[in-house]
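These notes concern the structure reproduced below.
The values are calculated or read from the model by the stated rules, or taken from the named source; none is laboratory data. Remember, it's a predicted structure, so these values are computed and weren't measured experimentally. Heads up, the Cβs are rebuilt from the backbone with ideal geometry, glycines too, and the neighbour counts pull from every protein chain shown.
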Amino acid sequence: MPAAALDAAGLRRAVFSRADVAGQVAALLPTNGVSAAEVVEWVEQLTDLALGLDDAVTIGLHSVGGTPRASDARYATVQVLAAEARILNLAGRGRRGGYGLVPHAPLTSMSRDGRLDSSQRRAVLHLAGGGDFVSVLTAPAGAGKTSTLGAAARAWQDAGYRVVGLAPSARAAAELATATGGPADTLAKWLHTHTRTPPGAHEAGALDDRTVVIVDEASMASTLDLDPLITAAGRAGAKVVLVGDPAQIGVVNGPGGMLAALGRAGHGVELDQIHRFRQPWERQASSRSGTASPTRSSPTAPPGACTRAGTATPPWTASSRTGPRRVPRARTR
């Protein structure tokens, strides 16, 4: 049971606490015919055993306040750490390796396309002209990600590459197919097909060195799903492009964080000009939505408006200082 509880905690989060493991222990523990005190004692003992296993790696503290607590400790599993290391290692070894490389002349011609702004042109040049095995494109809402991917896909297709789109959800896959003009499917389906093909058998749509794989909404893709995909692409010589916004929703019930980690490792290019919104304050709010700044709401937002970051507007802030305390509420589902 301790090993199963530890595995379950690692499959839900890349980094977890003692409480996460205790919750998994409690879920597995039979409670018929025992008192509450006995259950608590068993949970604590089995949690200690789980965190003492070789597969549990202590990775540091997450301090809250000035006094250290037992709950501050954070852990990861060997399985997840190994997957992260493989991805980062493959990406590092594949820098400037000629993956998905498009000749300079057509890219230069494309960069004169007046429909793309300067950051979009720079992104296309990086993605299609850089030659890296793994490239990351990050963009806040409204920054023109779809247009950028469309231009990059056309450059690859004109150069004779096959562009394959993958995404965590069917809806995102359909939108990616529209943007690139190529086939797209869910990441889960691709993995199901890929892992069930017998060794040596021909696989329809198999990856090769003339394939570019684009994973949209990659911040929502589990590390344990990206690992086999990127490993397979590395064996085949295919290029991988991860697209998304690390500041938006992450993986649901799974270990994540690779999009941000690869971006910090120097594999990324960012779109920084917002097009979707008409008002300057809306663009500013969109670009700041993932930051930890306490001033994320735009000072130029009109009264009654609420920024995308979810921060209360200045009129609410002013009234809360002079009148009764008000608690803003929003529906979550």
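Restricted to region 191-212, and to residues that are outside any loop (DSSP other than H, G, I, E, B) and modelled with pLDDT under 95, which residue is surrounded by the most Cβ atoms within 10 Å (Cβ to Cβ)?
Going through the qualifying residues, I end up with Leu191.
Select from region 145-168 the residues that are farther than 16 Å from Thr211 by Cα and hydrophobic (A, V, I, L, M, F, W, C) and write down the one among them that is nearest to the chain's Cα centre (by Cα).
Among residues in region 145-168 that are farther than 16 Å from Thr211 by Cα and hydrophobic (A, V, I, L, M, F, W, C), the one nearest to the chain's Cα centre (by Cα) is Ala167.
Mind listing just one residue for me: the one in region 153-187 that is assigned to a helix (DSSP H, G or I) and among the β-branched types (Val, Ile, Thr) and, of those, farthest from Leu107 (Cα to Cα)?
Ranking the candidates gives Thr178 first.
Name the residues in region 29-48 that are touching a helix residue (DSSP H, G or I) at 6+ places or on another chain (Cβ under 9 Å) and hydroxyl-bearing (Ser, Thr, Tyr), would you?
Listed by number, the residues that qualify are Thr31, Thr47.
What single numbered condition from (1) surrounded by fewer than 24 Cβ atoms within 10 Å (Cβ to Cβ); (2) modelled with pLDDT of 90 or more; (3) of a type in the set (Gly, Ala, Ser); (4) in the same structural domain as Pro246 (by TED's automatic domain parsing) fails to hold for Ala85?
Tallying (1) surrounded by fewer than 24 Cβ atoms within 10 Å (Cβ to Cβ); (2) modelled with pLDDT of 90 or more; (3) of a type in the set (Gly, Ala, Ser); (4) in the same structural domain as Pro246 (by TED's automatic domain parsing), Ala85 fails exactly one: (4).
Within region 214-264, track down each residue that is on the phi > 0 side of the Ramachandran plot, in contact (Cβ under 8 Å) with a residue 60 or more places away in the chain and either in a strand (DSSP E or B) or within 10 Å of the chain's Cα centre (by Cα) (or both).
Gly244, Gly257, listed by residue number.
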